[in-house]
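Read through the structure below, which is laid out as structure tokens, and then see the notes.
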Amino acid sequence: MFADCEKMYDLKLKQVIDEISREKGIDQALIRELVVSTVEEAAKKKFGPKVEIKTTYALETDTLEILEYK
């Protein structure tokens, strides 16, 4: 699913964060934290409160991971 989105827009999360940071004058680290927490919250809503989820963003590889712990 996400691969299709990347192909459609050819945007990297890092580029979007850089652009928002420049336009709005917001620290990039804060934007990354907000993105991660927002995606994690959305995943928790989708999968339910009983599922333990952890979301991480790796700046070096520009990857966002949503992990489920059992």
Check your understanding: How about region 12-59: which of its residues are basic (Lys, Arg) and open to solvent by less than 60 Å² (accessible area, probe 1.4 Å)?
Key -> 32
Check your understanding: Taking region 14-61 as the region of interest, how many residues are β-branched (Val, Ile, Thr) and in a loop (DSSP other than H, G, I, E, B)?
Key -> 3
Review point. Does residue 66 satisfy being open to solvent by less than 100 Å² (accessible area, probe 1.4 Å) and at pLDDT 95 or above?
Key: no
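The values are calculated or read from the model by the stated rules, or taken from the named source; none is laboratory data. Everything numeric here is computed off the predicted structure, so don't read it as measured data. These area figures cover heavy atoms from the full protein model, side chains too; ligands, DNA and RNA do not enter into them. Shrake-Rupley method; radii C 1.70, N 1.55, O 1.52, S 1.80 Å.
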